[in-house]
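Inspection log for the structure reproduced underneath, given as structure tokens.
The values are calculated or read from the model by the stated rules, or taken from the named source; none is laboratory data. Predicted, not measured: the structure shown is a model, and the values here were computed from it. Note that we place each Cβ from the backbone using ideal geometry, even for glycine, and neighbour counts take in every protein chain shown. Areas reflect the complete protein model, heavy atoms only, side chains present, ligands, DNA and RNA absent. Shrake-Rupley method; radii C 1.70, N 1.55, O 1.52, S 1.80 Å.
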Amino acid sequence: MDIRFFHSLSYGVYIVTSMEGDKPVGCTANSAMQITAEPAAIAVSVNRDNYTHKVIQDSGFFAVNVLSEASDPGLIGGFGFRSCREVDKFAGVPWHKEQGMPVLEGAKSWCVCQVTSQLETETHTVFLGKVMDAGVFDAAAPSMTYAYYHNVIKGTSPKTAPTYVDPAEVAALPVTKTQWVCTVCGYIYEGDKLPDGFTCPLCGVGPEFFEKRSVEVPADEAKPVSINGVSWLCTVCGYIYEGDELPEGFTCPLCGVGAQFFKKQQADTDANTQWVCTVCGYVYEGASLPEGFTCPLCGVGPADFQKR
């Protein structure tokens with residue numbers, strides 16, 4: 001099954017909220033739709049593992065906050081990758097009540113609904129709600145689509161999202177790369193566009209002799225890898241950036257936190273790992289000692305080597 005089919009469906013990005021007594025709760029969702037216009041009815045899909053699901057069932061009410069391309073991307077990660085059981089997702093987030101439900105002031109628009117019925121699937125509940133009230137904060141801002149979230153913000157879905165796909169499956173998909181082929185000598189340049197003033201390094205002709213083409217390559221051939229095996233792990237949502245250094249002013253594209261929330265990880269590579277013999281001081285360079293290795297100077301085994 002080609003999981004790219006599901007990426008081709010159209011979705012928005014929403015924050016579904018409700019109230020548990022005086023406590024606001026909410027979660028990120030990408031499955032919401034208008035069912036009828038008169039009377040107005042909205043349907044949303046919420047994973048049964050989400051705490052928000054329980055609160056909606058208990059209260060019988062929910063609000064749908066529509067995010068725009070101008071909305072803070074941190075809202076998506078903050079409401080999507082953490083649980084209201086453990087954290088206050090609304091801390092530091094401007095909000096107020098409408099019809100008793102929490103409405104995010106950073107959203108494009110909102111509606112408040114009363115649950116009228118629900119449909120159970122294997123993992124999610126589809127809540128059908130009668131719209132009690134609705135409003136718009138920013139009519140001019142384009143609504144954020146799921147495609148925009150994936151392609152521009154480079155975000156992924158939490159495991160409880162209706163459209164969640166295992167990142168390992170996505171990472172294994174072929175990658176489309178842009179190539180420029182010299183029609184004179186066949187030289188291939190890889191990149192979205194040819195650099196200014198570019199000439200073929202083999203035959204010297206200019207850009208007018210290059211033809212653009214797109215090719216699919218295996219994911220492992222297209223994956224950028226740090227020379228030194230360095231990656232940076234977001235301690236909030238788990239996003240991983242691969243590279244020797246985080247770019248200046250970097251923020252997590254998934255949950256919006258800054259560089260201070262990233263933890264440097266470094267894999268062992270032949271270039272950055274040494275093994276020192278504690279007996280004679282001999283140094284072996286490599287990610288790991290070969291099987292059956294003994295020191296060429298004093299003959300001791302791997303147990304007498306210290307990694308650095």
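Summary of computed values
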| item | result |
| --- | --- |
| Probe 1.4 Å, accessible area per residue of region 25-110, Å² | 41 Å² |
| Gyration tensor verdict on region 175-218 (Cα atoms; rounded if a/c is under 1.5, prolate if a/b is larger than b/c, oblate otherwise) | prolate |
| Largest-first principal axis extents of the Cα set of region 37-89 (Å) | 36, 31, 15 |
| GLN57-VAL276 pseudo-label distance in nm [points 7 Å out on the Cα-to-Cβ vector] | 5.9 nm |
| Potential lengthening between ARG48 and GLU105 on full extension [0.36 nm per residue; Cα-Cα distance subtracted] | 17.9 nm |
| Angstrom value of the Kirkwood radius, inverse mean 1/r, which spans all Cα pairs in region 68-122 | 13.3 Å |
| Sulfur and carbon atoms: percent of accessible area, region 59-144 [1.4 Å] | 52 percent |
| Length added when fully stretched, THR36-GLU216, from 0.36 nm per residue minus Cα-Cα | 60.6 nm |
| Full-stretch length increase - ILE240, GLU20 - with 0.36 nm per residue and alpha-carbon distance subtracted | 75.8 nm |
